[in-house]
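I have placed the structure first, in the form of structure tokens, so that the comments after it can refer back to it.
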Amino acid sequence: MTETPGVQAADELRADELPAPFSFRDAYSRAPEIPAEMHVVMRLQITSGDSCAPQEEVRQYLLRHAALADRVAEETGADDDQAEAERAGRALLDHDRRHGIKGGVYPPDHAIWTHRGPRAYTRQEYVTWHRPTA
């Protein structure tokens, strides 16, 4: 690997120096409209709350709820919405840590999330989940 003077390779950077994997725009550019997604999230909330619900459905609820909350918070800028986006993102991050789920580039136990926060984790995971398979 050739080195550029003054530039470190990504694996040499400290976690607080790593850029967030995806911007808000990149993460949600192909997301459904907010009202349609609200309907899906409400349905998932009901079905995933069943103690017999498949683990994949529970995670899909947590992911889509966190992404929806992130999008609403970005749109409104309201403190309550910001807090809800953080809380929902933290629930997803904690769930993935407990279950050893790794969808994106940085796993849930990576130090980057200490610096970039649960909303950045939500964006990474949403892109990974929403990416079309070919």
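Would you mind putting 48-56, 88-96, 104-112, 64-72 in packing order, based on average other-beta-carbon counts within 10 Å, highest first?
Values: 48-56: 10.7, 88-96: 20.8, 104-112: 16.7, 64-72: 24.3.
So the peptides 48-56, 88-96, 104-112, 64-72, ranked by packing, come out 64-72, 88-96, 104-112, 48-56.
Over the range 37-124, accessible surface divided per residue gives 52 Å², non-protein components excluded, 1.4 Å probe.
Around ARG25, with a cut-off of 13 angstrom between Cβ atoms, what is the net charge of the other residues, counting Lys and Arg +1 and Asp and Glu -1? Mind showing how you got there, number by number?
On the way: positive: ARG30, ARG71, ARG123; negative: ASP26, ASP70, GLU74, GLU75.
That sum, taken over residues with Cβ under 13 Å, equals -1.
FRET efficiency for the pair VAL105 and GLU57, taken as 1/(1 + (r/R0)^6) with r the Cβ-Cβ distance and R0 = 22 Å, rounds to 0.35. Residues in the range 41-82 near a label at ARG97, defined as backbone nitrogen under 18 Å from the 7 Å Cα→Cβ point? What the label zone holds, given the 18 Å backbone N cut-off, is 59, 62-63, 66. Each of ALA83, TYR126, HIS110 was placed along the dipole of the range 22-134 (beta-carbon charges, centred on the mean Cα), and the one lying farthest toward the positive end is HIS110.
At a 1.4 Å probe radius, carbon and sulfur cover how many percent of the accessible area of the range 36-134?
Summing carbon and sulfur atoms, their accessible area is 52 percent of the total for the range 36-134.
Counting charges near LEU44 (Lys, Arg +1; Asp, Glu -1) among other residues having Cβ under 14 Å from its Cβ returns a value of -1.
The values are calculated or read from the model by the stated rules, or taken from the named source; none is laboratory data. Please read these numbers as outputs of a predicted model, since none were measured by experiment. Reconstructed Cβ throughout: ideal geometry from the backbone, glycine too, with neighbour counts over all protein chains shown. For the accessible areas, the whole protein counts, side chains as well, though only heavy atoms, and no ligand, DNA or RNA atoms are used. Shrake-Rupley method; radii C 1.70, N 1.55, O 1.52, S 1.80 Å.
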